[in-house]
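Below is one structure, written out as structure tokens; the observations come after it.
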Amino acid sequence: MPKTQLQEHIVLRNREIANIADIAVYTQHGGYETARKALTTMSAQAIVDEVKKSGLRGRGGAGFPTGVKWGFVPREIFPKYLIVNADESEPGTFNNHEIIDHNPHQLIEGIIISAFAIGANTAYIYIRGEFAYGARLLEQKIAEARAKGFVGKNVFESGFDIEIYVHRGAGAYICGEETALLESLEGKIGQPRLKPPFPAVAGLYAKPTVVNNVETLTNVPRIIEKGADWYRTFGTERSPGTKAVSISGHVKNPGNYEIPLGITMREFIYDWAGGMRDPNVPLKFIIPGGASSSWLTPEHLDTPLTWDDMAAAGTMLGSGAVVVLDESVSVVKAALRVDEFFKHESCGKCAPCREGTHFLVKVWERIDEGHGRPDDIELLSDVGRQMLGKCFCPLGDSAVSAVNSAVKFFRDEIAAQIK
Amino acid sequence: MLYEKYRDEIDAILARYPSKRSALLPVLYIAQDAYGRLDDASIREVAEILDLPYTDVFEVVGFYTLFYNEDVGKFVLDVCDDVPCCFCGAEELVADLEQRLKVKAGYTTDDKMFTLRRVKCIAACDQAPVLQANLEFHYKVTPDKVPALLEDLRRKVESGAQISISGRFAEH
Ligand SMILES: Cc1cc2nc3c(=O)[nH]c(=O)nc-3n(C[C@H](O)[C@H](O)[C@H](O)COP(=O)(O)O)c2cc1C
Ligand code: FES
């Protein structure tokens, strides 16, 4: 029997507990008790150590170990900030959206515990402007938590103060990149900063700052409540825990699924998401980790969903966003749309990305419209080469993933469209 | 003027940050709702409230897609045409809306009711085709659902309901 649902969810607990967004329901199920325990009986260092031991890795895309990141924050500099990255703009990704709308108190509890662990008295939730409802809902949920004494001054009578504010972005993918996010939060256009210094040392207002993804922080209450060893019963040695993965496109049951890390792409698509939408139209390719990731084809279906295995397959787990496309899809159209995204979202700071994405779209467009030129495939690859590794931030490289994937797996199809 | 009219809201925003400048995005949303768009005069006014150089605020308004410096309709309809939506009904939805509203994507209807736009992923890909109307989500908007949706939005305007192109009162 294929396993298609977790016995126990860690982050998408709204799937098993109805109305968990309601603070009364959340507290009935032990909500905020872990924050109370952490703030009144544990040291900040003990929390950092437990998270380190759990092996929790950042869910925002890079998979950096969360406890290790927290360990970089200098203890003696004040104030410090915790930034919750709720920008969720990587095409294909919608798991933070579900957590925010349906399990917001667990996120807030995670923020309280994590802020205490790093010694931050202020947290900002930077939420993409399109989540207008989510932003309002979070403000309301924070107010509910404040009314119970969980947010504000001297929370749980622990002597610790924590303020949590919601800050809406205004429609710019690049503001998900942590330093561009900080610029935006400071009221500027979202252009990335040079690193180092890293935010842990000099972030928001040049103060020590930790930026973590929504899902990352939503894991924290359960890890502290049940312990790192329990957490490690899910997933693999180097990719512990579960991941809320968004699946969309031509599958029967698109949506979010919280999977134990380590199941294969095949299991995920065919057992969990019900397989292809139309069984008569076969799978063509997969964009497995958000639009930034390199594509996979049916021959890669046995790749386990872990950071290491996806890297070995030449792509990445990324933001946990699997887009499944069937044989009805034109590769040129798909690559065009992906690169249009990066062109639109290029912040304009560096030339290789700003100009490169522009050229890529131009070439894809003319091929799509039937005016491709004989050397266009070489031209695309060449523009890609001039971008890779030469852009100021990873956005430019991301635009090349679609080019190289399309050319590598579907050169004949593109060529046929040019002739 | 903006500050006098929205003093409580703006002061509450300012209190969240150690730097006035951080209030720029939220205050621009308020100004955009108050004036229907961010024209030069409203941009200057926001700059003055926050003690910022005009050019800095112009630059910010130009950078972010949810700030409109040109006239928009009462409702901005944002249809996602990204991958995968474009392979799951988004193109059909755009075509249907263009035909019904008699405008191309990127433009506003003659009656100034709707601005139609194509946008990139709005994090609801499993619900394709999707659109946002003034940043409220509408899921699985197949063309058969369009007439009722448009009717609903028109009724909202007629009933005098609170309308925010910045999505400040979004309910879903
Ligand atoms: C172009 C770009 C866009 C990004 N967008 C997001 C995003 O929307 N959400 C997110 O959590 N991280 C995003 N990231 C990753 C962040 O820079 C950062 O690594 C992350 O928020 C750290 O949190 P984590 O360690 O909990 O994953 C993006 C990175 C880049 C380069
Ligand atoms: S691609 Fe349309 S909502 Fe994500």
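The values are calculated or read from the model by the stated rules, or taken from the named source; none is laboratory data. Since the structure is predicted, the reported quantities are computational estimates derived from the model, not experimental observations. No Cβ is skipped: glycine too gets one built from the backbone with ideal geometry, and neighbour counts run over all protein chains shown. Areas reflect the complete protein model, heavy atoms only, side chains present, ligands, DNA and RNA absent. Shrake-Rupley method; radii C 1.70, N 1.55, O 1.52, S 1.80 Å.
So which residues in the range A:74-126 are small (Gly, Ala, Ser) and either at negative phi or surrounded by fewer than 23 Cβ atoms within 10 Å (Cβ to Cβ) (or both), if there are any at all? Before the answer, list the steps.
Restricting attention to the range A:74-126, the residues satisfying the condition of being small (Gly, Ala, Ser) are A:86, A:89, A:92, A:110, A:114-115, A:117, A:119-120, A:123.
Residues satisfying the conditions are A:Ala86, A:Ser89, A:Gly110, A:Ser114, A:Ala115, A:Ala117, A:Gly119, A:Ala120, A:Ala123.
Please determine whether any residue of the range A:106-126 is in contact with a helix residue (DSSP H, G or I) (Cβ under 6 Å, 6 or more places away or on another chain), within 13 Å of A:Glu215 (Cβ to Cβ) and within 16 Å of ligand 2 (Cβ to nearest atom).
Checking the range A:106-126: not a single residue is in contact with a helix residue (DSSP H, G or I) (Cβ under 6 Å, 6 or more places away or on another chain), within 13 Å of A:Glu215 (Cβ to Cβ) and within 16 Å of ligand 2 (Cβ to nearest atom).
Between a first residue in the range B:150-172 that is within 14 Å of another protein chain (Cβ to nearest Cβ) and within 16 Å of B:Phe137 (Cα to Cα) and a second residue that is part of a helix (DSSP H, G or I) and open to solvent by 50 Å² or more (accessible area, probe 1.4 Å), which pairs have beta carbons less than 6 Å apart while being 6 or more apart in sequence or on different chains?
Going by the 6 Å Cβ cut-off, the qualifying pairs are B:Ala170/A:Tyr133; B:His172/A:Tyr133.
Only one of A:Leu39, A:Leu56, A:Leu82 is more than 16 Å from ligand 2 (Cβ to nearest atom) and closer than 30 Å to B:Pro84 by Cα. Can you tell me which?
On the way: A:Leu39 fails: closer than 30 Å to B:Pro84 by Cα; A:Leu82 fails: closer than 30 Å to B:Pro84 by Cα.
On inspection, the qualifying residue turns out to be A:Leu56.
Looking at B:Gly73, B:Gly89, B:Gly36 in this structure, which one is of a type in the set (Gly, Ala, Ser), touching a residue at least 60 places away in the same chain (Cβ under 8 Å) and more than 10 Å from chain A (Cβ to nearest Cβ)? Reasoning before the result, please.
Working: B:Gly73 fails: touching a residue at least 60 places away in the same chain (Cβ under 8 Å); B:Gly89 fails: touching a residue at least 60 places away in the same chain (Cβ under 8 Å).
Criteria check complete, one pass: B:Gly36.
Could you identify the single residue in B:Lys74, B:Lys102 that is in contact with a helix residue (DSSP H, G or I) (Cβ under 6 Å, 6 or more places away or on another chain), away from ligand 2 (no atom under 16 Å from the Cβ), open to solvent by 60 Å² or more (accessible area, probe 1.4 Å) and at pLDDT 95 or above?
B:Lys74
Please specify each residue of the range B:105-141 satisfying the condition of being open to solvent by 20 Å² or more (accessible area, probe 1.4 Å), more than 16 Å from ligand 2 (Cβ to nearest atom) and of a type in the set (Ser, Thr, Tyr).
Once the filter is applied, which keeps residues that are open to solvent by 20 Å² or more (accessible area, probe 1.4 Å), more than 16 Å from ligand 2 (Cβ to nearest atom) and of a type in the set (Ser, Thr, Tyr), the range B:105-141 yields B:Tyr107, B:Thr108.
Would you please name the residue that is surrounded by the most Cβ atoms within 10 Å (Cβ to Cβ), looking only at residues in the range B:1-36 that are of a type in the set (D, E, K, R) and more than 16 Å from B:Leu52 (Cβ to Cβ)? Step through it out loud before you land on a result.
Keep residues of the range B:1-36 that are of a type in the set (D, E, K, R), which gives B:4-5, B:7-9, B:11, B:16, B:20-21, B:33.
Narrowing further to those that are more than 16 Å from B:Leu52 (Cβ to Cβ): B:4-5, B:7-9, B:11, B:16, B:33.
Values: B:Glu4: 7, B:Lys5: 11, B:Arg7: 10, B:Asp8: 8, B:Glu9: 13, B:Asp11: 11, B:Arg16: 16, B:Asp33: 19.
My answer is B:Asp33.
Evaluate the range A:11-33: report whether one residue or more is open to solvent by less than 20 Å² (accessible area, probe 1.4 Å), in a helix (DSSP H, G or I) and either within 14 Å of chain B (Cβ to nearest Cβ) or within 13 Å of ligand 1 (Cβ to nearest atom) (or both).
There is no residue in the range A:11-33 that is open to solvent by less than 20 Å² (accessible area, probe 1.4 Å), in a helix (DSSP H, G or I) and either within 14 Å of chain B (Cβ to nearest Cβ) or within 13 Å of ligand 1 (Cβ to nearest atom) (or both).
Could you tell me which numbered condition B:Asp82 fails, if it satisfies all but one of (1) facing chain A (nearest Cβ under 8 Å); (2) assigned to a helix (DSSP H, G or I); (3) open to solvent by less than 30 Å² (accessible area, probe 1.4 Å); (4) of a type in the set (D, E, K, R)?
So the condition that B:Asp82 fails would be (2).
Of all residues in the range A:225-245 being open to solvent by less than 10 Å² (accessible area, probe 1.4 Å) and either within 12 Å of ligand 1 (Cβ to nearest atom) or in contact with a Ser or Thr (Cβ under 6 Å, 6 or more places away or on another chain) (or both), which is nearest to the other protein chains (Cβ to nearest Cβ)? Give the derivation first.
Initially, the range A:225-245 is screened for residues open to solvent by less than 10 Å² (accessible area, probe 1.4 Å), giving A:228, A:231, A:239-245.
From what is left, the residues that are either within 12 Å of ligand 1 (Cβ to nearest atom) or in contact with a Ser or Thr (Cβ under 6 Å, 6 or more places away or on another chain) (or both) are A:228, A:231, A:239, A:243.
Numbers: A:Ala228: 30, A:Tyr231: 26, A:Ser239: 24, A:Lys243: 16 Å.
For the range A:225-245, the residue satisfying everything is A:Lys243.
Restricting attention to the range A:293-303, does a residue exist that is surrounded by 19 or more Cβ atoms within 10 Å (Cβ to Cβ), outside any loop (DSSP other than H, G, I, E, B) and aromatic (Phe, Trp, Tyr)?
no
Scan the range A:54-81 for residues that are more than 14 Å from every other protein chain (Cβ to nearest Cβ), away from ligand 1 (no atom under 11 Å from the Cβ) and in contact with a strand residue (DSSP E or B) (Cβ under 8 Å, 6 or more places away or on another chain) and jot them down.
A:Ser54, A:Gly55, A:Val73
Of all residues in the range A:202-223, count the ones that are among the β-branched types (Val, Ile, Thr) and either within 11 Å of another protein chain (Cβ to nearest Cβ) or in a helix (DSSP H, G or I) (or both). Step through it out loud before you land on a result.
Step one: of the range A:202-223, the residues among the β-branched types (Val, Ile, Thr) are A:209-211, A:214, A:216, A:218, A:220, A:223.
Still in the running and either within 11 Å of another protein chain (Cβ to nearest Cβ) or in a helix (DSSP H, G or I) (or both): A:214, A:216, A:218, A:220, A:223.
The qualifying residues number 5.
Scan the range B:120-149 for residues that are away from every other protein chain (no Cβ under 14 Å), in contact (Cβ under 8 Å) with a residue 12 or more places away in the chain and charged (D, E, K, R) and report the count. Give the steps one after another, and end with the answer.
Filtering the range B:120-149 down to residues away from every other protein chain (no Cβ under 14 Å) leaves B:141-149.
Then keep just the ones that are in contact (Cβ under 8 Å) with a residue 12 or more places away in the chain; that gives B:141-143, B:146-147, B:149.
Those left that are additionally charged (D, E, K, R): none.
Going through the range B:120-149 one residue at a time, the tally reaches 0.
Within the range A:132-167, which residues are within 14 Å of chain B (Cβ to nearest Cβ), free of Cβ contacts under 8 Å to residues at least 12 places away in the same chain and not in a strand (DSSP E or B)?
First pass over the range A:132-167, keeping only residues within 14 Å of chain B (Cβ to nearest Cβ): A:132-140, A:142-143, A:146, A:151-152, A:162-167.
Applying the additional criterion that residues be free of Cβ contacts under 8 Å to residues at least 12 places away in the same chain yields A:136, A:140, A:143, A:146, A:152.
Selection gives A:Arg136, A:Gln140, A:Ala143, A:Arg146.
Out of everything in the range B:92-109 that is away from every other protein chain (no Cβ under 14 Å), in a loop (DSSP other than H, G, I, E, B) and under 18 Å from the mean Cα position of the chain (by Cα), what residue ends up being farthest from A:Val331 (Cα to Cα)? Let's see the steps before the verdict.
Let us first name the residues in the range B:92-109 that are away from every other protein chain (no Cβ under 14 Å), namely B:93, B:95-104, B:107-109.
If we keep only those that are in a loop (DSSP other than H, G, I, E, B) as well, we get B:102-104, B:107, B:109.
Now narrow it down to the ones that are under 18 Å from the mean Cα position of the chain (by Cα): B:103-104, B:107, B:109.
On the way: B:Val103: 29, B:Lys104: 26, B:Tyr107: 29, B:Thr109: 34 Å.
Applying the filter and picking the extreme gives B:Thr109.
Does A:Pro199 satisfy being assigned to a loop (DSSP other than H, G, I, E, B), at pLDDT 95 or above and not aromatic (Phe, Trp, Tyr)? It would help to see each step written out before you state the result.
Details: assigned to a loop (DSSP other than H, G, I, E, B): yes; at pLDDT 95 or above: yes; not aromatic (Phe, Trp, Tyr): yes.
Criteria met by A:Pro199.
One line per residue, one yes/no per condition, for (1) among the basic types (Lys, Arg); (2) within 16 Å of ligand 1 (Cβ to nearest atom); (3) at pLDDT 95 or above:
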| site | (1), (2), (3) |
| --- | --- |
| B:Phe58 | no, no, yes |
| B:Tyr68 | no, no, yes |
| B:Asp96 | no, no, yes |
| B:Gly106 | no, no, yes |
| B:Lys120 | yes, yes, yes |
| B:Asp126 | no, no, yes |
| B:Asp144 | no, no, yes |
| B:Gln162 | no, no, no |
